[in-house]
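Heads up, the thing below is written out as structure tokens.
The values are calculated or read from the model by the stated rules, or taken from the named source; none is laboratory data. Source: prediction; values computed, not measured. Neighbour counts run over all protein chains shown; Cβ positions are idealised from the backbone, glycine included.
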Amino acid sequence: MIAQTHRDRALEVARRQGIARGRDFDAAGVPRVYLQRLRDEGVLQQVGRGLYKLASAEVASATSLAEAARIQPKGVIGLLSALQFHNLTTQTPHAVWMLLGPKDWAPTNPSVSLKIVRASGEALRAGIETHQIDGVPVPITSPAKTVADCFKHRNKIGLDVAIEALRDLIKSRKGRAGLNELWRYAEIDRVQTVMRPYIEAMVS
């Protein structure tokens, strides 16, 4: 009866969290040995170090973003990974790009490859959207903030990638409101001067 109780709790945690950490099961009073049993039975799938999900759960194309958010909850998915999520690039990043504060812990040997970029203040906090992926709330920079960030970090991702993303964003965001939003994030990232000639050429 006790084993069944642990099993039920474990399944409930996995359903509720989408991708659950070992500490989530600990908080529910589920011994780690039951996680191993459920994994061996094919009920739970281990998707990373200390990360589990229901084996029957649907797999989203952005599962690695959810996994990254579980590994470092303070991180914000941005740059190339956010561009791909918003369909603003033809690039396929080989790692999850994550914005972290100057003193935030950078995971070592994570189960999903991470590309850490440091940011602070409004450059880190502004323009964040929360998307549900595999049942996990994942913070991702908005399309406009992502494009501004790409120009700010153009030496890391390439100016051509930033320009391509800007062109796609402008096509999808017709009207003055979309440009105002873009300019606001360009100001936060201090890249107005860099972005201005490209924006003017694309909207003229």
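Kindly indicate which of Tyr34, Tyr52 is touching a His at 6+ places or on another chain (Cβ under 6 Å) and modelled with pLDDT under 85. Explain how you work it out, then say what you get.
Working: Tyr52 fails: touching a His at 6+ places or on another chain (Cβ under 6 Å).
None of the others qualify; the one that does is Tyr34.
So, Gln36, is that one surrounded by fewer than 17 Cβ atoms within 10 Å (Cβ to Cβ), free of Cβ contacts under 8 Å to residues at least 24 places away in the same chain, part of a strand (DSSP E or B) and not assigned by TED's automatic domain parsing to the domain that holds Pro139 or not? Considered against the rule, which asks whether it is surrounded by fewer than 17 Cβ atoms within 10 Å (Cβ to Cβ), free of Cβ contacts under 8 Å to residues at least 24 places away in the same chain, part of a strand (DSSP E or B) and not assigned by TED's automatic domain parsing to the domain that holds Pro139, Gln36 comes out as no.
Among the residues in region 104-114, are any closer than 21 Å to Arg184 by Cα and either assigned by TED's automatic domain parsing to the domain that holds Glu67 or out of contact with any strand residue (DSSP E or B) (no Cβ under 7 Å at 6 or more places or on another chain) (or both)?
Here is the first cut: in region 104-114, the ones closer than 21 Å to Arg184 by Cα are none.
Among the residues of region 104-114, not one is closer than 21 Å to Arg184 by Cα and either assigned by TED's automatic domain parsing to the domain that holds Glu67 or out of contact with any strand residue (DSSP E or B) (no Cβ under 7 Å at 6 or more places or on another chain) (or both), which makes the answer no.
Of the residues making up region 106-124, those that are among the charged types (D, E, K, R) and free of Cβ contacts under 8 Å to residues at least 40 places away in the same chain are Lys115, Arg118. How many residues are part of a helix (DSSP H, G or I), modelled with pLDDT of 95 or more, buried (at least 17 other Cβ atoms within 10 Å of the Cβ) and among the β-branched types (Val, Ile, Thr) when one looks only at region 164-193? The qualifying residues number 1.
Checking each residue in region 62-103 for being small (Gly, Ala, Ser), modelled with pLDDT of 90 or more, part of a loop (DSSP other than H, G, I, E, B) and under 23 Å from Leu166 (Cβ atoms) picks out only Gly78. Out of the residues in region 133-166 meeting the condition of being among the β-branched types (Val, Ile, Thr) and within 13 Å of the chain's Cα centre (by Cα), tell me which one is farthest from Arg16 (Cα to Cα). Ranking the qualifying residues of region 133-166, first place goes to Thr146. The set of residues in region 105-125 being more than 15 Å from the chain's Cα centre (by Cα), surrounded by fewer than 18 Cβ atoms within 10 Å (Cβ to Cβ) and not β-branched (Val, Ile, Thr) consists of Trp105, Asn109, Ser120, Gly121, Glu122.
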